[in-house]
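Structure first, then comments.
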Amino acid sequence: MSALLEVRALTKRFGGVTAVDGCTFEVSAGSITALIGPNGSGKTTVFNMVTGYLRPDAGAVSFDGRRASRPDPARFYRAGLSRTFQQPRVFRELTLVENLAVAANRPWWALLGRDVPPTDRRRAEEVLADFRLGDLMGNKARELSFGQQKLLEFAAVLMGRPKLVLLDEPTAGVNPVMVETMEQHIRDLHRQGITFLVVEHEMNLVMRLCDPVIVLDHGAKLAEGRPAEVQRDPLVLDAYLGT
Amino acid sequence: MSSDAEDRTRSQAEVTQEATPGSTRQEGRPIQGSAWKRLTWPARRVLRTAGDRYDRMAKPARLGVSAGMVVLAAAVPVLLPYVTADSGYWTSVATKIGIAALLALGLNVVVGFAGLLDLGYVAFFAVGAYTFALLSGAGRYAIAISRSQPNAFKLLPTWHMYFWLLLFVALLVALIAGVVLGTPTLRLRGDYLAIVTLGFGEIVRITATNLNSLTDGSQGVNQIPHPAINVGSVHYNFGLNNEAYYWLLLAVIVIWIFLLRRVNDSRIGRAWAAIREDELAAASMGIPTIQMKLLAFAMGAAVASLGGVIYASQIGFISPDSFQLFSSDFGSVIILAMVVLGGMGGIAGPIVGAALIIFLPERFRFVGDARFLIFGGVLVLVMVLRPQGILPSRRRAAELEGGEVRETSVFEARQAGS
Ligand SMILES: Nc1ncnc2c1ncn2[C@@H]1O[C@H](COP(=O)(O)OP(=O)(O)OP(=O)(O)O)[C@@H](O)[C@H]1O
Ligand SMILES: [Mg+2]
């Protein structure tokens with residue numbers, strides 16, 4: 001399998017803290033890759049650089065064989081690279097349908113259509129029904145629970161027909177039933193050909209769902225491999241339990 | 001890290017009350033709340049039901065209501081003589097309100113729709129006024145030519161006729177100025193944007209003061225021609241007839257409102273709403289945030305420029321002093337106050353704000369300069385009692401109040417209605 005995302009020697013410093021330190025890894029097309037590591041090991045910061053929110057101090061990211069000339073989240077999204085946030089960021093005063101309509105992948109000059117165009121609306125309704133949010137379609141996003149907001153964010157990202165989705169802790173703070181729903185969605189979408197890079201603390205889920213698993217510690221790659229191998233790796237055990 | 005852990009426990013707590021959407025809604029019951037809220041409940045109720053009813057109307061009915069309002073507004077100069085002995089004076093006030101309303105509706109796109117705090121808006125008003133004044137040949141340049149060579153070839157011999165062309169030219173100039181000023185600026189956010197736009201407002205004014213050779217500096221440009229209509233057998237010079245300017249302004253405002261509603265109901269409107277709420281998330285959903293903000297900025301600039309042209313041609317004289325930040329006529333701060341007082345993000349709000357802010361000081365002229373004191377007091381009072389403005393768009397009201405207002409979004413209501 002070819003690499004959909006290549007991260008080379010990525011480095012980011014915040015003042016004295018080196019959040020990401022020469023991090024190198026690949027995400028191959030068609031995989032569900034996990035990115036794990038202790039709190040503060042730099043996972044979210046890697047996401048932020050990969051999706052263009054932060055400019056790396058050093059290193060390079062290439063997606064789908066191309067290097068971005070400058071970081072621009074919107075352009076990355078339109079190229080098929082999208083992400084969710086650790087704390088869900090939905091548009092609270094827009095309805096669910098509007099949240100999805102906003103996320104539909106459109107060139108900016110095609111923006112002057114009236115209302116939610118029928119094609120977008122139909123697709124939004126489909127996706128929302130899939131995520132069991134269909135009944136709440138006309139509600140505002142702020143009326144949703146934390147877990148539902150995470151689902152909504154995930155659903156919205158799908159409107160852009162992404163190739164690679166980065167999920168930042170999709171199950172943190174979500175109730176167990178919804179964790180299962182989330183897992184099922186990832187599997188379904190994976191079968192439809194979407195590649196995932198998932199940051200997750202819930203190890204059982206990672207072991208069930210992901211392959212390969214990449215372990216970060218202090219901003220650098222510590223280990224990489226099949227879930228079972230990584231689980232046994234003494235370095236990894238040390239990073240999680242020691243210091 | 002600790003805050004992250006906190007977030008997680010908080011969200012765990014939220015999960016227990018999962019799936020009870022709408023539980024935060026209260027259907028506007030009058031019982032709870034402060035004495036003020038209880039006292040004004042009927043008024044707010046009337047406004048709200050009027051708004052709801054308008055949203056639910058069929059399209060022709062909505063058109064009818066809008067047309068009725070336009071006719072009513074158009075009738076104001078005709079009706080004034082029956083209401084007041086000093087109708088000439090009040091017509092000029094009405095014209096002033098027209099310019100203010102146009103500016104407030106333009107600034108509302110920037111502040112209310114896209115959520116960008118722009119403190120230099122008057123710059124574009126000045127750009128329009130000066131563009132018209134100079135191109136119409138009222139400036140020193142034209143005077144110099146005709147003095148030194150009285151029989152010299154003139155580009156446009158009868159300037160009045162070209163008002164309509166120059167109106168269009170000024171609009172284009174302002175669009176370009178909006179993009180030029182906006183491109184470097186709009187990468188900034190919040191307070192920083194406010195400071196830089198403030199700077200731009202001053203730069204334009206100071207340029208007008210110091211560009212002596214072109215603008216006659218602080219003396220200003222005078223003898224700016226009035227518009228005229230020369231179509232077929234119709235010959236009409238606007239001259240000093242305030243009614244004519246009033247109707248012209250009304251026409252421009254109606255066209256602008258029509259455009260605005262279209263744009264705001266489109267994907268652009270939703271993109272603006274998303275940017276206003278969370279710019280970062282908007283970018284992560286593929287919205288080209290810079291272009292969208294530029295569009296709002298340029299649209300606002302174009303409208304301000306139209307206002308500037310009409311203002312210059314009506315008054316016949318402009319100087320840099322007309323465009324001061326704190327000018328009590330059309331300074332950036334006053335226009336912003338109109339938008340905020342009236343209510344951001346809608347159409348009616350800025351118009352009401354403009355009308356009040358121009359009307360009240362005129363009405364209380366007899367108390368002398370104390371009127372500004374009273375005026376300031378009223379402003380403070382309104383903002384304390386009704387922070388979302390007098391007639392906010394319901395979406396904006398919900399953002400500010402966190403949920404007291406009824407909840408179908410405007411887009412959805414339209415969708416259901418039409
Ligand atoms: N904007 C910032 N400014 C300063 N320091 C930051 C910033 N963002 C992250 N850091 C620091 O960088 C380090 C890595 O943070 P990051 O959020 O990437 O970790 P993480 O692996 O996502 O952790 P978690 O599992 O808690 O989400 C931490 O020490 C954090 O304090
Ligand atoms: Mg994180």
Kirkwood-based Rg to Rh ratio, the range A:160-221, C-alpha trace: 0.97
At least 40 Å² of accessible area lost relative to the chain alone, listed for the range B:260-277 with a 1.4 Å probe: B:Arg262, B:Asp265, B:Arg267, B:Arg270, B:Glu277
5 angstrom amide H check on B:Ile390, placed H, neighbours 5+ away: B:Gly342, B:Gly343
Projected label distance in nm at B:Asp52 and B:Tyr89, using a 7 Å step from Cα toward the beta-carbon: 4.4 nm
Alpha-carbon Rg with Dmax, taken over the range B:59-396, Å: 20.3, 65
Flagged links, alpha-carbon separation over 27 Å, of A:Lys140/B:Lys37; A:Lys150/B:Lys37; B:Lys37/B:Lys59; A:Lys140/B:Lys293: A:Lys150/B:Lys37; B:Lys37/B:Lys59
Computed FRET value (nearest 0.05) for B:Leu63 with B:Leu214, which takes r as the C-beta separation and R₀ as 60 Å: 0.85
Rounded to 5, the percent of DSSP beta bridges in the protein assembly as shown classed as antiparallel: 65 percent
Length released on extending from A:Val177 to A:Asp57, taking residue separation times 0.36 nm less the Cα-Cα span: 39.1 nm
Sulfur and carbon atoms: percent of accessible area, the range B:59-396 [1.4 Å]: 70 percent
Paramagnetic reach from B:Met383 (point 7 Å along Cα→Cβ, amide N under 19 Å) across the range B:118-134: B:118-122
Inter-site label distance for A:Arg208 and B:Gln223 at 7 Å from Cα along Cβ, in nm: 8.7 nm
Per-residue mean of C-beta atoms belonging to partner chains within 10 Å, peptide A:79-88: 2
Using a Förster distance of 45 Å, the FRET efficiency for B:Arg363-A:Asp135 (Cβ separation, nearest 0.05): 0.30
Neighbourhood charge, 11 Å Cβ-Cβ cut-off, centred on A:Ser82 and excluding it, Lys, Arg +1 and Asp, Glu -1: +3
Debye-sum result for the protein assembly as shown in log10 I(q)/I(0), which assumes one identical scatterer on each alpha carbon, at q = 0.09 Å⁻¹: -0.85
Heavy-atom accessible area per residue - the protein assembly as shown, 1.4 Å, Å²: 46 Å²
Tail beyond 34 Å, pair distance distribution of chain A (Cα, percent): 15 percent
Cβ-Cβ FRET estimate between A:His201 and B:Leu188, R0 fixed at 30 Å, reported to 0.05: 0.25
Qualifying lysines (Cα of each under 26 Å from Cα of A:Lys221; at least 8 residues distant if same chain): A:Lys12, A:Lys43, A:Lys163
Cα-based convex hull, the range A:11-61, per residue volume (Å³, whole number): 84 Å³
Unit charges on C-beta of K, R, D, E only; dipole of the range B:160-287, Debye: 300 debye
Largest-first ellipsoid semi-axes for the range B:301-363, taking √(5λ) over the Cα gyration tensor eigenvalues, angstrom: 21, 14, 11
Distant-in-sequence amide H partners of B:Phe238 (H built 1.01 Å from N, under 5 Å): B:Ala228, B:Ile229
Pairwise burial B:A, computed as accessible area of each alone minus the pair, summed, 1.4 Å, Å²: 4600 Å²
Simple label model, 7 Å out from Cα along Cβ direction - B:Arg44 to A:Glu229, nm: 6.4 nm
Descending principal axes extents, the range B:170-287, alpha-carbon based, whole Å: 57, 38, 21
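The values are calculated or read from the model by the stated rules, or taken from the named source; none is laboratory data. Only a predicted model underlies this, so the values are computations on that prediction, with no experimental measurement involved. Ideal geometry is used to build each Cβ from the backbone, glycine not excepted, and the neighbour counts take in all protein chains shown. The accessibility values were calculated without ligands, DNA or RNA, using every heavy atom of the protein model including side chains. Shrake-Rupley method; radii C 1.70, N 1.55, O 1.52, S 1.80 Å.
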